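Every number in this text was worked out from the coordinates using simple rules, so none of it is lab data. These numbers come from a predicted model, not from an experiment. Positions of Cβ are generated from backbone atoms using ideal geometry, with glycine treated the same way; all protein chains shown enter the neighbour counts.
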Amino acid sequence: MKLLLSWVWDFVDIDVPARAIADTMALRGFEVASVEDLGGGDAVIDFEVTANRPDCLSVIGLAREIATAYDLPMRELDALPNALASVHLGASADVAVTIEDAELCPRYAAAVADLVPVSTPAWMSTRLQASGVRPISAFVDITNYVLLELGHPMHAFDLDTLAQRQIRVRRATAGESITTLDGAARTLDPEMLVIADTARPQAVAGVMGGAASEVSATTTRIAFESAYFKPASVRRTSKRLGLKTEASSRFERGADVNAPVVALRRAIALMQQIGAGVLRGPAVDVYPAPRSPLTLHLRRDRLARVLGLRVPDADVRRILTSLRLGATDTADGWDVVVPTFRVDLLREVDLIEEVGRHYGFDKLDDAFPEMRQAAALPDARIARDQLVRRVLASTGLSEAVTFGFIERRAAEGFVAAEASESIVAVANPLSAKFDVLRPSLLPGLLDAVAHNRRHGRRDVALYEIGARFSHASGETRGVALAWTGSVAEHWSTPARMADFFDAKGAVELLCSALGVTATFEPIREPFLVPGQAARVTTGGRTIGVIGQVSPALVERAGAPRQDAVVVAELDLDAVDAARQGAVESVKPLPRYPFVVRDLSIVVSDALPAEIIRGTIQTAGHGQPAPLVAVTFFDRYQGKGVPEGSISLSLRLTFQAPDRTLTDPEVQTSFDQILTALVREHAAVQR
């Protein structure tokens, strides 16, 4: 909001340099983008107004803040001579106004005038240009002047273009279209509010007028509106049409429901002042359900507790009164009537903020208040997520942060067909690319991998911690990783391509750090390559999935189809649930030596290694020589091995906690394990 300092002088007598005013306002929560000195004591201060302060998107709103900051009296508009025209409200013989949707448009005021061809006076053009608005024509400039001064948008129609001279405030019909003032044809939908005549829409309510009823050089009679539209409706319409205007930026933040008639009276007064037109008959004000100002209670003790100091009652009353908040003393504080232009004041704490920022945050005590109770323990998930980051970073992965909103097509690629109904759709998506909440972290990570590959990076290793969403499970916290390209284990060894087992190792390391034991079971998932996919479980509970992404999905994401992208995803909430009740124990380092025996067997190549491991661990339990570890160190398929079979080499480690094992004990245990492999899997020892 560009504020011309001399415009403020209409309301506040202040003789302070513009830079000092900017610094003072910055201390009261306003961000200042720039200060431009125009000479003669005048200047333009460009304020960045936050979305919760639509009242400050106006000269009078900022003047009110400046007057309060400097404890100066302020002249309201109705106190200025000839600032507001005396207008009779009633039925008009020239235009009929009907509100068909009072929820989206609670109030609509309009007036009719005969135009007089005059030029915009220099003083008005100068103020508009200094505020960043290009002068167009006398009456259009008047509506823009009122917009900047009062913060309330207005619009004018060429009355002779309105069918039957009627204004109907209604929702658009499906497929209805309008050509707006920027010359673009726009298709409307029933969620959008329009200003129409009896034949067609003439404006998109709160956003932009239509070209068919534009005020031009040939216009002789106009109908000008001043209305209030529901903020959510204007915001939704503006986003769907991709149309952002000065009017929509104010209406979508929340205009003043009691400002339409004031703005109308101000526009008529300006019209009469510069001789731009003659009012015809009474003005129309359709206001079916008048709204009363909100009353809040401000407690003196609560004010002191929140701010950390006691503000004198006189200062509280002065600040509230200067901000045009009606304050009535009570036994414990004040009853405060909030004017309708302050749409941001909804709770007691909002009033406390107003008092605090104008009393001066610099007056707050720089010492922390006395702590009367211990601080709450931090959320355990914070430490857990930090641990996950450390572990995955140690494996060479880099953290990625992707969008929680994704495209439906991408989401459906990573869920089963029967689970597609569980995908959560976004009611008001920013675009078609962000129309659902992600059910998995993998689509975003795959897109990140593809983005890196398109920009020339060959080796990509990423992980992400974040929320997933579904109708069935609600919001859950998960961690996922995606890996493609080469893996350099050490400078002395040649690089190799990342594969399923790299992801599996990272998952095992992470699960071990989180206090659970991961096991892997073969599965078939549509987004994973068959034979390169597994379910991650612990204690019979499914906690995630791991595998190589289907080449079709890799190609659809924009990466080369031949890229082998291995991924894994764990449900951290499920991991926490599996860990609950587990007793952490510490075992002393073994005192007695271990014995290692290698075993090579030939088994079916369709047999998962995890099942072989389970058989060995079961057979080795309770034997004379306890089995403490099983490691696969070689896999061979080719010459000398029957078709459909595979040769596996395993290393078995035996160790007893209370004695040194003898060779006969180890051999007995070894034979029992081999017997079990032959019996269960028809294994052949090599």
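Looking at (1) 79, 59, 53; (2) 100, 50, 45; (3) 114, 63, 47, which value of Cα extents along the principal axes in Å comes from a calculation on the structure shown?
(3)
Using 1/(1 + (r/R0)^6) with R0 = 30 angstrom and r between the beta carbons of R496 and R454, what's the FRET efficiency to the nearest 0.05?
Working: r = 24 Å, r/R0 = 0.79.
My answer for the efficiency is 0.80.
In terms of Cα to Cα distance under 19 Å, which aspartates and glutamates are near enough to K230, apart from those fewer than 8 places away along the same chain?
Within the straight-line limit of under 19 Å, K230 reaches these aspartates and glutamates: D55, E100, D101, E103, D189, E191, E246, E252, D256, D285, D344.
Stretched out fully, how many nm does the piece from F361 to D160 gain, at 0.36 nm a residue minus the Cα gap?
Values: separation 201, 0.36 × 201 = 72.36 nm, distance 5.61 nm.
Extra length available between F361 and D160 comes to 66.7 nm.
For R561 and T179, what does the FRET efficiency come to when R0 = 45 Å and r is the distance between their Cβ atoms, rounded to the nearest 0.05?
Taking R0 as 45 Å, the efficiency between R561 and T179 is 0.50.
Once fully extended, how much extra length lies between R381 and R613, figured as 0.36 nm per residue of separation less the alpha-carbon to alpha-carbon distance?
Between R381 and R613, full extension yields 80.2 nm more.
Work out the length of the dipole vector of the chain about its Cα centre, built from +1 on the beta-carbon of each Lys and Arg and -1 on the beta-carbon of each Asp and Glu, and round it to the nearest 20 debye. Please list the in-between numbers first.
Values: 73 positive and 85 negative charges, 220 e Å.
In total the dipole reaches around 1060 debye.
Please give, to one decimal in nm, the separation of the simple spin-label points placed at R300 and L38, each 7 Å out from Cα toward the Cβ.
It works out to 4.6 nm between the two label points.
At a Förster distance of 25 Å, what's the computed FRET efficiency of Y592 paired with E508, Cβ-Cβ distance as r, to 0.05?
0.40
Of K433/K504; K504/K587; K244/K433; K2/K363, which pairs sit farther than 28 Å apart, going by alpha carbon to alpha carbon?
The answer is K433/K504; K2/K363.
What does the charge dipole of the stretch 27-170 about its Cα centre add up to, to the nearest 20 debye, if the Cβ of each Lys and Arg holds +1 and the Cβ of each Asp and Glu holds -1?
260
Which net charge results when you count Lys and Arg as +1 and Asp and Glu as -1 among the other residues whose beta-carbon is under 13 Å from that of L162?
The answer is -2.
If packing is taken as the mean number of other Cβ atoms within 10 Å per residue, what is the order of 165-174, 148-157, 281-290, highest first?
Order by mean packing, descending: 148-157, 165-174, 281-290.
Which listed residue (T120, N52, F139) has the Cα farthest towards the positive end of the charge dipole for the stretch 51-183, taking +1 on Lys and Arg C-beta and -1 on Asp and Glu C-beta about the Cα centre?
Farthest towards the positive pole: N52.
Could you order peptides 229-242, 263-276 by the average number of other Cβ atoms within 10 Å of their residues, highest first?
With the highest mean Cβ count within 10 Å placed first, the list reads 263-276, 229-242.
Roughly speaking, what is the stretch gain from N82 to W123, that is 0.36 nm per residue apart minus the C-alpha to C-alpha distance, in nm to one decimal? Each step should come with its number before you reach the end.
Working: separation 41, 0.36 × 41 = 14.76 nm, distance 1.65 nm.
Working it through step by step, the gained length comes to 13.1 nm.
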